[in-house]
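Asks: The structure under discussion is supplied below as structure tokens; questions concerning it will follow.
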Amino acid sequence: MGGSEQEVRSRGSRAPETRDRIVEATIQLLAREGYGNITTRRIGEVAGVKYQLVHYYFASMEDLFIEAFRRGAEENLARLAEIAKGEASLRRFWQIHSDAGASKLMVEFVALAQRHPALRLEIAAYARRFRTAQLDFARAALERESIASDHIPPMVVLLLTTGLAQLEANDRLLGFTDGHDETRTWIESWLAANTTPVKE
């Protein structure tokens, strides 16, 4: 039923989309169920492939996790670069950096990185690149709103925004959301009263 290893590899080599399906399945599982539920069998089920193909396409689970992280990281950088082509604003910065769902996925990758040194290095390298891009965006947003950087430093804008998203993600893992809605409502009200509306 499963076929020989050679047959599995032969089928895999004729299906270039299989690698992508395995990576996407890994990302989905991390986001929905957490790293503790990641197994090759579970990945195979979600990807719709025989679990042996996970071992064929990736020499180790660490290699798979690195590939999954890179895919999301590059998508994030590309998305930020595309958005940055338009008008930078504090409201837009808030909209794209306060995603608790995305932060939850990062929490899972960071947890995996405690066991996988190569993944930890990959995350650190990406974090430096992304933070540089975020700071450029924050500086442009503050300038557009005519807010002096010594009044509200760009790094403070960045850490308060992304820090809230990460706090929410951590809280949700523990099963409570006390203060989340209240805080987001206050931020939205402040932005509405103190910043220029975003042009769609």
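Asks: Go through Ala78, Leu191, Gly179 and say which Cα lies farthest out towards the positive end of the charge dipole of the chain; charges sit on Cβ, +1 for Lys and Arg, -1 for Asp and Glu.
Replies: Most positive-ward Cα: Ala78.
Asks: How much accessible area per residue does the chain have, counting only protein heavy atoms and a probe of 1.4 Å, in square angstrom? Spell out each step's value before the answer.
Replies: Values: 11620 Å² over 200 residues.
Each residue of the chain exposes 58 Å² on average to a 1.4 Å probe.
Asks: Something else: Give the calculated FRET efficiency between Asn194 and Arg120 to the nearest 0.05, with a Förster radius of 41 Å applied to their Cβ-Cβ distance.
Replies: On the way: r = 39 Å, r/R0 = 0.94.
E(calc), rounded to 0.05, equals 0.60.
Asks: Then there is this: If a helix is a whole DSSP H run, which ones in the chain reach 18 Å or further along their own axis (Cα) and hold a mean Kyte-Doolittle hydropathy of at least 0.0? Walk me through the numbers on the way to the answer.
Replies: Details: long enough: 17-33 (23 Å, -0.47); 61-84 (34 Å, -0.06); 100-113 (19 Å, 1.38); 117-144 (40 Å, -0.18); 154-174 (30 Å, 0.89); 180-194 (21 Å, -0.92).
Once both thresholds are applied, what remains is 100-113, 154-174.
Asks: Moving on to the next point. Using a probe of 1.4 angstrom, how much of the accessible area of the stretch 114-165 is carbon and sulfur, in percent? Present the calculation step by step, with values, prior to reporting the outcome.
Replies: Working: 1780 of 3090 Å².
The value for the stretch 114-165 is 58 percent carbon and sulfur by accessible area.
Asks: Over the Cα atoms of the chain, what radius of gyration and what Dmax do you get, in Å?
Replies: In order Rg, Dmax, the Cα atoms of the chain give 20.2, 67 Å.
Asks: Report the local net charge at Arg115: Lys and Arg +1, Asp and Glu -1, summed over other residues whose C-beta lies under 15 Å from its C-beta. Please report the intermediate quantities before stating the final value.
Replies: Details: positive: Arg120; negative: Glu62, Asp63, Glu108, Glu122.
Taking every Cβ under 15 Å from that of Arg115, the sum is -3.
Asks: Label points 7 Å out from Cα along the Cβ direction at His55 and Met155: separation in nm?
Replies: 4.8 nm
Asks: Could you tell me which of Ala59, His151, Val107 has its Cα farthest along the dipole of the stretch 5-162 towards the positive end, charges placed at Cβ (Lys, Arg +1; Asp, Glu -1), taken about the Cα centre?
Replies: Selected residue: Ala59.
Asks: Could you give the size of the charge dipole of the stretch 15-58 about its Cα centre, using +1 on the Cβ of each K and R and -1 on the Cβ of each D and E, expressed in debye and rounded to the nearest 20? Could you put the intermediate results ahead of the total?
Replies: Working: 6 positive and 5 negative charges, 26 e Å.
The dipole of the stretch 15-58 has a size of about 120 debye.
Asks: Starting with the highest mean, order 166-178, 112-124 by the number of other Cβ atoms within 10 Å, averaged over the residues of each peptide. Write down the numbers at each step before the final one.
Replies: Details: 166-178: 13.2, 112-124: 15.9.
Listed from highest to lowest mean packing, they are 112-124, 166-178.
Asks: Okay, moving on. What size of dipole, in debye to the nearest 20, comes out for the chain about its Cα centre when the only charges are +1 on Lys and Arg C-beta atoms and -1 on Asp and Glu C-beta atoms? Don't skip to the end; give the middle numbers.
Replies: Working: 26 positive and 28 negative charges, 116 e Å.
Approximately 560 debye in magnitude.
Asks: Determine the gain in length on full extension of the stretch Arg128-Leu167; use 0.36 nm per residue of separation and subtract their C-alpha separation, reporting nm with one decimal. Could you put the intermediate results ahead of the total?
Replies: Numbers: separation 39, 0.36 × 39 = 14.04 nm, distance 2.03 nm.
So the chain would gain 12.0 nm between Arg128 and Leu167.
Asks: Using the basic label-point model (7 angstrom from Cα toward the beta carbon), what is the Ile147 to Arg32 distance in nanometres?
Replies: 3.8 nm
Asks: Same structure, new question: Going by the alpha-carbon gyration tensor, a ≥ b ≥ c the square roots of its eigenvalues, is the stretch 125-194 rounded (a/c under 1.5) or, if a/c is not under 1.5, prolate (a/b greater than b/c) versus oblate? Write out the running numbers ahead of the final one.
Replies: Working: a/c = 3.24, a/b = 1.31, b/c = 2.47.
Here the stretch 125-194 falls in the oblate category.
Asks: Let me make sure I get this right: for the stretch 15-58, a, b and c are the square roots of the gyration tensor eigenvalues over alpha carbons, sorted descending. Under 1.5 in a/c it's rounded, otherwise prolate if a/b > b/c, else oblate. Which is it?
Replies: Values: a/c = 2.16, a/b = 1.61, b/c = 1.34.
Note, shape of the stretch 15-58 comes out prolate.
The values are calculated or read from the model by the stated rules, or taken from the named source; none is laboratory data. Just so it is clear, the structure is predicted and the values come from calculations on it, not from any experiment. Here Cβ is always computed from backbone atoms with ideal geometry, including for glycine, and neighbour counts include all displayed protein chains. Just so you know, the surface numbers come from the protein's heavy atoms only, side chains and all, with ligands and any DNA or RNA stripped out. Shrake-Rupley method; radii C 1.70, N 1.55, O 1.52, S 1.80 Å.
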